[in-house]
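Structure record follows, encoded as structure tokens.
The values are calculated or read from the model by the stated rules, or taken from the named source; none is laboratory data. The model shown is predicted, which means the values in this text are computed figures rather than measured ones. Cβ: placed from backbone, ideal geometry, glycine included. Neighbour counts: every protein chain shown. Only protein heavy atoms, including side chains, enter the accessible area calculation; ligands, DNA and RNA are left aside. Shrake-Rupley method; radii C 1.70, N 1.55, O 1.52, S 1.80 Å.
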Amino acid sequence: MSFFALYDAEHFYGEPEPVPGARVSFVPDRLFAARERRPVRPADRQPLGDEGLMVNEIAADVRQWPSSLWRVTDLEPMRPLYGYRWVPCRAFTVVEQVPAWLVAGPHGDAVEWVIARTRTLTGAQADALAALSDEGEEPLTRTLWSRWSRGHHTLSPVGCALTTLNKVVTEAAHRVGPQLFGPDEEDGVEVLKDPAWLQAFRAAYAAALALGAPELLAPRENAVLARRWTTVFGSPDLPRAPAQGRKWEYFRSVNPGGVVP
């Protein structure tokens, strides 16, 4: 079983829209129309190469946080891609919708909570996060990444969540005002420069790792890693299934019928 991530109507190049039981097909004209709307370069109507409806074998390989996530089967690839965990498809059949947070792993609902708070971050909250000590965060982050990197090949311990956090904190800062930004020293592009907001991003980053990959550190260490975030926002109030049940839910999403390790 594989996964199709839907982002928005602008970037969906198929029909019909995903619903359980639907046979969704790639519509090249939708891709060409989207290319024509791009201001950067002229529309490209060259013969199709790897274009298609992108399907991932593993949910954690999805590269952007989706608006919805669908389990799909009966894939019709554009061409064989042996050894890849993703494939562009001419068509697939939708089995069911699954939680979008599965892209961040079995504890992705907690990561989704961090992202939601970051999306609406205010100046006062950024200042509050920056005022707290970040002691212990950096060495624990290094330890977590080191442990995860042994034998893992997905984007990160929490999938695409860390790049999503970078995007949403920048969007939140833009809503506050341009004074939070300045030119990058290398290429002059406007980037987030405000020290408090940069600290807020680091606190969100640390919390996403602590809450999203708790098995990589001891409970006390996870508490330290998430401390700034939970001091300001509390802990996520999520419906919690027993640990083994939540583990099964995730492994069922990536390996239906498989045995939970």
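Observations
- The angle between the Cα long axis of helix 243-254 and the main principal axis of the chain comes to about 40°, on a 0 to 90 degree scale.
- The longest part of the chain holding none of the exposed loop trypsin sites (Lys or Arg not before Pro), meaning those outside H, G, I, E and B in DSSP with at most 10 other Cβ atoms within 10 Å, is 38-149.
- Residue of Ala161, Ala130, Ala206 that the Gaussian network model of the chain assigns the largest fluctuation, springs spanning Cα pairs under 10 Å: Ala130
- Taking every protein chain into account, the accessible area of the chain amounts to 53 square angstrom per residue (probe 1.4 Å).
- Rg to Rh, two decimals, where the chain supplies the alpha carbon set and Rh follows Kirkwood: 1.00
- Range in the chain, longest, excluding exposed chymotrypsin sites (Phe, Trp or Tyr not before Pro) [loop by DSSP; at most 13 other beta-carbon atoms within 10 Å]: 85-261
- Ala116 paired with Arg142, simple spin-label distance in nm, labels 7 Å along Cα-to-beta-carbon: 3.5 nm
- Amide H contacts of Ala91 (H built 1.01 Å from N, in plane; Pro and chain starts excluded): Phe26, Glu76 sit under 5 Å, all sequence-distant by 5 or more or on other chains.
- Accessible surface of the chain, 1.4 Å probe: 53 percent of it comes from carbon and sulfur atoms.
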